[in-house]
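Data block below; observations after.
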Amino acid sequence: MLSVKESVGGQVVTHAPTLDLDEIQAIVLRPRPAPYFGTHVLLRIDDAAAGREFLRRLTPHIGSSAHWWSAANTWLAIGISYAGLEALGVPQDSLQSFPEAFRVGMAARARQLRDEGVNDPKHWEAPFGTGQVHIGVSALSDSEENWRRALEIARKQYEAFSGVTVLRSQNFGFQPGDLNPLGYKDGIDQPAIEGSGAEPLPGQGPLIKAGEFILGYPGEAGAPLPMPQPDILGRNSTYVGFRKYQSRVGAFNRFLRAHGSTEEERELLAAKLVGRWRSGAPLTLAPEADDAVLGADAQRNNDFDYANDVRGLKAPLGCHIRRMNPRDTQLTRLTDVNLHRLIRRGTTYGPPYDPNAVSPEADEIPRGAIFMFISAKAMATMEFLQQEWIDEGNFVGLGEERDPIIGRQEEGASFTIPHEPVRRRVHGIDTFNVLRGGEYFFMPSISALTWIANLSG
Amino acid sequence: MPTQPATANRPKQSLTVDEKVQKMRELYADAPEIGKAALENGLPTLTEALAAPSAKQTAGRIGLRQGKVSELCVFLPFVKGGAKRLRGFLELLDGNFRAADAVGTVHDMRFVFVDNDTKLLFATAYDGDFDPYIDDFATKIPNAMDLWLCNCEGYPGMRSGKAKQWIFDHQIAAEAWYVNSPNLTAAETRRLEKVGKAVEELLDKIG
């Protein structure tokens with residue numbers, strides 16, 4: 001038994017971790033600090049030997065999850081796409097052991113991910129979906145100075161070789177009040193992982209088997225999930241769904257103004273869309289008005305279920321947080337909610353939310369969020385979420401209604417707000433977050449990185 | 001293991017109505033007399049169907065879909081004694097399929113014993129893609145699944161993580177698939193039943 005330690009995310013560590021923390025990349029278990037500074041760099045490997053040399057040099061600097069709860073919070077993370085694994089010379093039988101959705105890549109799975117219309121890969125920013133993104137490196141820190149130092153370490157490794165090309169580099173960072181581009185505090189609800197040592201935060205739900213998030217451990221059904229081969233490559237590794245969204249702040253504000261005549265009405269509507277007020281206070285606990293103290297309190301801001309809000313009179317059945325984690329909501333389809341969770345590492349870019357922006361031009365300002373969705377079956381989970389909980393409503397009896405925040409809305413779409421005596425249906429909801437690109441990455445363990453770096457041929 | 005017919009990924013044909021009619025005549029040139037006569041007499045009605053845009057969609061990796069409703073058909077060899085066990089089990093269930101009710105996406109299921117009780121033909125209509133919820137079966141209703149599928153050869157067990165692939169390996173895609181209300185999911189149908197009843201009650205009170 002360890003002495004009780006409190007992590008940067010407010011979680012309390014009371015148990016000796018049973019996971020190989022030294023092997024698992026830091027970003028998997030470490031909560032994102034606040035404030036934070038960081039950069040995502042996308043790279044292409046033009047020469048296998050140079051790519052492996054780059055990996056050999058970078059690997060000692062990749063952060064692990066050891067002491068993930070400690071405050072020292074600067075790390076580098078690395079992900080490799082299927083095209084990247086090929087470019088690095090990973091052997092054929094090993095390549096074939098990866099799941100199909102990962103092999104073909106996120107753009108090729110557009111149909112399964114419902115990435116259609118404005119979200120179609122043909123509209124994505126380069127280099128997403130071109131097959132050229134081989135490696136993603138992320139630097140993240142709680143201080144500007146340490147972030148720059150970490151980035152410099154990464155830069156030295158890839159600039160040393162002619163066979164490794166930087167395709168794109170994107171800075172991201174903390175916004176005033178740690179708000180997302182639509183003006184909400186988010187990233188509050190994360191799955192609690194068995195074996196990490198953490199005591200779940202109140203309301204975080206039961207501990208979920210580590211195998212759902214990290215390869216090589218038993219999953220919820222008992223058996224470990226299928227793992228790429230050889231074992232050293234799979235064990236303690238995982239997958240990342242990388243998605244870049246642009247927030248259409250003007251469209252969001254226009255919608256609020258069209259359906260709320262006072263500031264109070266607009267803020268209530270905004271909260272109904274998300275299920276939380278802007279402070280993070282959940283509607284389930286604060287149905288009438290925002291409660292900033294509640295929103296800021298990690299011990300209380302997630303401590304609820306929907307047992308007393310079966311019909312969604314407080315938090316609508318179709319609101320964003322109830323879709324992304326229905327908790328004990330009665331669903332129309334047999335569902336094990338624990339199987340469809342993701343570790344989310346959200347990072348915002350561009351200027352902060354502007355409550356007065358209403359013009360179509362404001363929609364085109366590069367501002368939004370880049371998410372890293374982490375799971376041992378990230379591809380299957382993202383497809384499930386997109387098909388069942390985001391761009392659909394049948395699972396909670398809402399027909400074709402979609403997620404009001406990250407769903408892609410069709411012409412004439414609506415959002416239902418349960419109310420007494422009759423529900424209110426708000427028409428003309430627009431797409432507020434447009435997908436600008438994405439990639440699937442394999443996030444190798446430290447040993448797996450070393451194994452790949454030392455391949456020959 | 002049945003071989004997969006090539007229908008699933010056959011390239012879309014874009015024939016004109018006249019070409020389709022011509023094709024029908026070629027196909028039925030050596031048909032029995034009843035068929036030839038039916039083609040000539042039924043041609044006006046048939047031409048309307050042939051003129052309509054394609055309504056054929058695929059469901060997940062294998063199988064067909066219309067609107068929101070997909071078909072799944074598997075052909076499973078019984079293990080020794082499997083047919084007897086499953087028949088007995090189904091008789092005792094006496095038409096009560098609580099697990100299927102719980103699944104919520106299943107429209108119908110049929111269990112047909114063929115080839116002198118050596119194989120099971122299982123056919124179902126369900127909502128959406130086949131993949132998304134299979135993992136949920138493994139944690140929520142593994143026993144209900146294992147109880148009937150254990151009677152079939154090579155079944156790896158719901159908790160093994162291999163059941164999804166095993167089902168795919170035994171799936172036979174239908175050549176054609178028709179759904180009367182392709183936009184109604186099972187959940188939506190039940191909701192509309194409730195709404196319809198409530199509307200009638202309301203009208204009763206008014207009238």
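Assuming R0 = 60 Å, can you tell me the calculated FRET efficiency for the pair residue A:293 and residue A:108, based on Cβ-Cβ distance, to the nearest 0.05? Here the calculated transfer efficiency is 0.80. Label zone (residue A:47, point 7 Å along Cα-to-C-beta; backbone nitrogen cut-off 16 Å) within the stretch A:85-105: A:87-89. The count of lysine pairs in chain A that are at least 8 places apart or cross chains, and whose C-alpha atoms lie under 23 Å apart, stands at 8. Placing a label point 7 Å from the Cα of residue A:14 along the Cα-to-Cβ line, the residues of the stretch A:64-89 whose backbone N sits under 18 Å from it are A:69. Shape call for the stretch A:203-357 from the C-alpha gyration tensor, a ≥ b ≥ c root eigenvalues: rounded (a/c under 1.5), prolate (a/b greater than b/c) or oblate? Taking the square roots of the gyration eigenvalues as a ≥ b ≥ c, the stretch A:203-357 is prolate. In this calculation the C-beta distance from residue B:146 to residue B:178 is compared with R0 = 35 Å, giving a FRET efficiency of 0.60. Averaged over the residues of A:329-337, the number of partner chain Cβ atoms lying within 10 Å of the residue Cβ comes to 6.
Rounded to the nearest 20, the Cβ-based charge dipole of chain A about its Cα centre (Lys and Arg +1, Asp and Glu -1) stands at 400 debye. The smallest convex shape that holds all Cα atoms of the stretch A:17-457, its convex hull, gives 132 Å³ per residue. Placing a pseudo-label 7 Å from each Cα along the Cα-to-Cβ vector at residue A:116 and residue A:148 gives an inter-label distance of 4.8 nm. Counting only Cα atoms, the size of the stretch B:14-53 along its three principal axes is 29, 17, 11 Å, in decreasing order.
Taking GluC sites (Glu not before Pro) across the stretch A:247-332, the ones in a DSSP loop with at most 14 further Cβ atoms lying within 10 angstrom of their Cβ are A:288.
Summarising the label geometry, the points placed 7 Å from Cα in the beta-carbon direction at residue A:425 and residue A:156 lie 6.2 nm from one another. Normalised by residue number, the volume inside the convex hull of the Cα atoms of the stretch B:86-207 is 154 Å³ per residue. By definition, a body whose alpha carbon gyration tensor gives a ≥ b ≥ c is oblate when a/c is 1.5 or more and a/b is not larger than b/c, and the stretch A:156-203 fits this oblate description. Applying the Kirkwood pairwise sum to the alpha-carbon positions of the stretch A:1-154 produces a hydrodynamic radius of 17.7 angstrom.
Counting only DSSP beta bridges with both residues in chain A, the antiparallel share comes to about 95 percent.
Please find the FRET efficiency linking residue B:34 to residue B:112, where r is the Cβ-Cβ separation and R0 is fixed at 30 Å, and quote it to the nearest 0.05. So the FRET efficiency works out to roughly 0.65.
Think of the stretch A:17-457 as having a plus end and a minus end, set by charges on the Cβ of Lys, Arg, Asp and Glu; of A:180, A:394, A:81, A:81 sits farthest toward the positive end of this dipole.
Using a ≥ b ≥ c from the Cα gyration tensor of chain B (square roots of the eigenvalues), is it rounded, prolate or oblate, where a/c under 1.5 gives rounded and otherwise the larger of a/b and b/c decides, a/b for prolate? Verdict is oblate for chain B.
Throughout, read-outs are computed from the coordinates displayed, never taken from laboratory work. Fair warning: this is a prediction, and the values are worked out from it, not measured in the lab. Cβ atoms come from the backbone with ideal geometry, glycine included; neighbour counts cover every protein chain shown.
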